[in-house]
């Protein structure tokens with residue numbers, strides 16, 4: 001955690017691209033070689049924990065009552081797994097680093113695709129399918145859209161409120177839009 005804290009602090013102060021592994025290592029009084037024992041590359045300092053909760057999210061989605069909608073299953077999973085594990089300070093610093101780095105934003109985009117595929121696969125399995133269909137993919141994409149917008153709004157609010165408040169507002173907006181469209 002010391003390495004991550006130092007790296008995120010340096011990324012916020014001088015930018016992701018301008019920060020070297022050597023600077024991060026010096027900040028916590030280790031060698032660059034030691035840094036690489038913990039992280040394969042600089043981006044992993046930010047991204048290393050991003051997939052950690054995906055197996056738990058998958059399990060919550062699969063365990064959700066079969067008669068309930070896929071969207072409700074993902075929403076429940078987000079509240080059970082991602083919201084309680086959100087770290088405001090880490091999110092703030094990672095957001096600052098990503099804002100100034102096209103390469104880091106690209107890596108976040110790749111990670112989002114992995115999340116999309118994982119959620120869609122869980123939804124397909126939940127309905128007895130061997131592969132995600134359009135319903136699973138669209139549900140996963142919409143759910144991630146709501147979550148990503150909630151995280152963005154959370155950041156705009158300086159992370160002062162609970163992330164769950166923003167997630168709930170996002171799903172409420174989605175329900176309202178769906179009701180309007182169904183008219």
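Any read-out appearing in this document is the output of simple, stated calculations on the displayed coordinates, not a laboratory observation. The structure presented is a predicted model; accordingly, all values stated were derived computationally and were not measured. For neighbour counting, all protein chains shown are included, and Cβ atoms are generated from backbone atoms with ideal geometry for every residue, glycine included.
Here are some notes:
- Where labels lie 7 Å past Cα in the beta-carbon direction, separation of residue 31 and residue 142 in nm: 5.5
- The alpha-carbon atoms of the range 1-48 define a convex hull whose volume equals 61 cubic angstrom per residue.
- A helix-only calculation puts the chain at -22500 deg cm²/dmol for mean residue ellipticity at 222 nm, using -39500 (n - 2.57) for each DSSP H run of at least four residues, averaged over all residues.
- Degrees between helix 134-156 axis and first principal axis of the chain (Cα, 0 to 90, nearest 10): 50
- Acute angle (nearest 10 degrees) that the helix 102-126 long axis makes with the longest principal axis of the chain, alpha-carbon atoms: 30
- A quarter of the convex hull surface defined by the alpha-carbon atoms of the range 76-175 gives 6.8 nm² as the mean projection.
- Rounded tilt (10° steps) of 88-99 against the dominant C-alpha axis of the chain: 80
- Taking 110, 5 and counting other C-beta atoms within 10 Å, the order from fewest to most: 110, 5
- Take every Cα pair under 8 Å whose residues are at least 6 apart in sequence, average their separation, divide by the length of the chain, and the relative contact order is 20 percent.
- Computed over the chain, the P(r) curve from all C-alpha pair distances, binned at 5 Å from the origin, holds 1, 8, 15, 17, 18, 14, 11, 8, 5, 2, 1, 0, 0 percent per bin.
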